[in-house]
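The values are calculated or read from the model by the stated rules, or taken from the named source; none is laboratory data. Remember, it's a predicted structure, so these values are computed and weren't measured experimentally. In this analysis, Cβ positions are derived from the backbone assuming ideal geometry, glycine residues included, and neighbour counts consider all displayed protein chains.
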Amino acid sequence: MSTMPRIEQIDAMYRGEFQLPDGSVMPPPWEIVRPQPAVVELTESGRLTGRVLDAGCGTGRHSAYLAEEGHGVTEVVGFDGSPTAIGLARERVQLPNVSFVVADATEMDGVDGPFDSVLDLGLFHMLDATGQVAYARALARVVRPGGTAYVVAFAHSVTPEVLRAAFGEGWQVPDPEPTFLYGKIPPGETPPGLDAVVDEETGLSKIRALVAAVTRA
């Protein structure tokens, strides 16, 4: 894989310019054509409500899904560190109660709270330990007391201990629930330790994950 900084890698993927060693172009592996089952379950169970922040929203697929299918969702604001992803989201999602902003997850400048709920689908696990702490602090500034962030992350790298170390004081961090994430991982590009199998029905990689409902005290 490339040695360029992570956000530059991601933006290159969205631009269609991220090349693998064999010369093939790798798109964002998390951009699949349907909502992630974990998001569908959170939405259908009514856990994502009110004013929702879609953290690391990519091209806005789940922002649109929440706005259209969410029970009691009044507004969705999506942010991502990739300008290209946000540009695509603004082109693709034309809904009156959905907006997008380019922002660093560890600072969230330009992300105006308060929010009742947060969807974090694969953002937390892309940050190192220092970034995770900064991200939790930034979330604390925009999530109302009693609001909940639903963190969906790879189970091999995010444990309950990792979550509690990042969120710490000011958050209630219960034990996470098991779930799965689906992605398009090219052959030979599966990261070390990732617990993934190929789903025969979809042809996608099915990755063991967890979802943690982290509540602002």
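Yes or no: Ala12 among the small types (Gly, Ala, Ser), surrounded by 21 or more Cβ atoms within 10 Å (Cβ to Cβ) and either touching a strand residue (DSSP E or B) at 6+ places or on another chain (Cβ under 8 Å) or outside any strand (DSSP E or B) (or both)?
No, not satisfied.
Kindly indicate which of Ser63, Ser99 is crowded, with 23+ Cβ neighbours inside 10 Å, hydroxyl-bearing (Ser, Thr, Tyr) and not in a loop (DSSP other than H, G, I, E, B).
After applying the criteria, what remains is Ser63.
Going by the conditions given, is Ala134 touching an Asp or Glu at 6+ places or on another chain (Cβ under 9 Å), surrounded by fewer than 19 Cβ atoms within 10 Å (Cβ to Cβ) and among the hydrophobic types (A, V, I, L, M, F, W, C)?
Judged against the criteria, Ala134 is a match.
When region 18-73 is examined, which residues are found to be out of contact with any helix residue (DSSP H, G or I) (no Cβ under 7 Å at 6 or more places or on another chain) and β-branched (Val, Ile, Thr)?
Val25, Ile32, Val33, Val40, Thr49
Go over the candidates Ala138, Ala134, Ala212, Ala196 one by one and state the one that is more than 26 Å from Tyr65 (Cα to Cα) and touching a residue at least 12 places away in the same chain (Cβ under 8 Å).
That would be Ala134, the only listed residue that is more than 26 Å from Tyr65 (Cα to Cα) and touching a residue at least 12 places away in the same chain (Cβ under 8 Å).
If you check Glu169 against the conditions, is it under 24 Å from Ser205 (Cβ atoms) and surrounded by fewer than 19 Cβ atoms within 10 Å (Cβ to Cβ)?
So Glu169 does not fit the description; no.
So in region 54-92, with the set limited to residues that are among the β-branched types (Val, Ile, Thr) and under 23 Å from Gly131 (Cα atoms), which one is farthest from the chain's Cα centre (by Cα)?
If we take residues in region 54-92 being among the β-branched types (Val, Ile, Thr) and under 23 Å from Gly131 (Cα atoms), then Thr84 is farthest from the chain's Cα centre (by Cα).
Which residue is nearest to Pro114 (Cα to Cα), if the candidates are limited to region 158-198 and must be in contact with a Phe, Trp or Tyr (Cβ under 7 Å, 6 or more places away or on another chain) and assigned to a loop (DSSP other than H, G, I, E, B)?
So, considering only residues that are in contact with a Phe, Trp or Tyr (Cβ under 7 Å, 6 or more places away or on another chain) and assigned to a loop (DSSP other than H, G, I, E, B), the one nearest to Pro114 (Cα to Cα) is Val173.
Answer yes or no as to whether Arg34 is out of contact with any Asp or Glu (no Cβ under 6 Å at 6 or more places or on another chain), exposed (fewer than 13 other Cβ atoms within 10 Å of the Cβ) and among the basic types (Lys, Arg).
Taking the combined requirement at face value, the residue satisfies it.
Please work out if Val118 is part of a strand (DSSP E or B) and either modelled with pLDDT of 95 or more or not aromatic (Phe, Trp, Tyr) (or both).
Answer is yes for this residue.
Which members of region 66-85 meet the condition of being assigned to a loop (DSSP other than H, G, I, E, B) and either surrounded by fewer than 17 Cβ atoms within 10 Å (Cβ to Cβ) or without any contact (Cβ under 8 Å) to a residue 24 or more places away in the chain (or both)?
His71, Gly72
So for region 195-210 (the condition being surrounded by fewer than 18 Cβ atoms within 10 Å (Cβ to Cβ), of a type outside the set (Ser, Thr, Tyr), at negative phi and modelled with pLDDT of 95 or more), does at least one residue qualify?
yes
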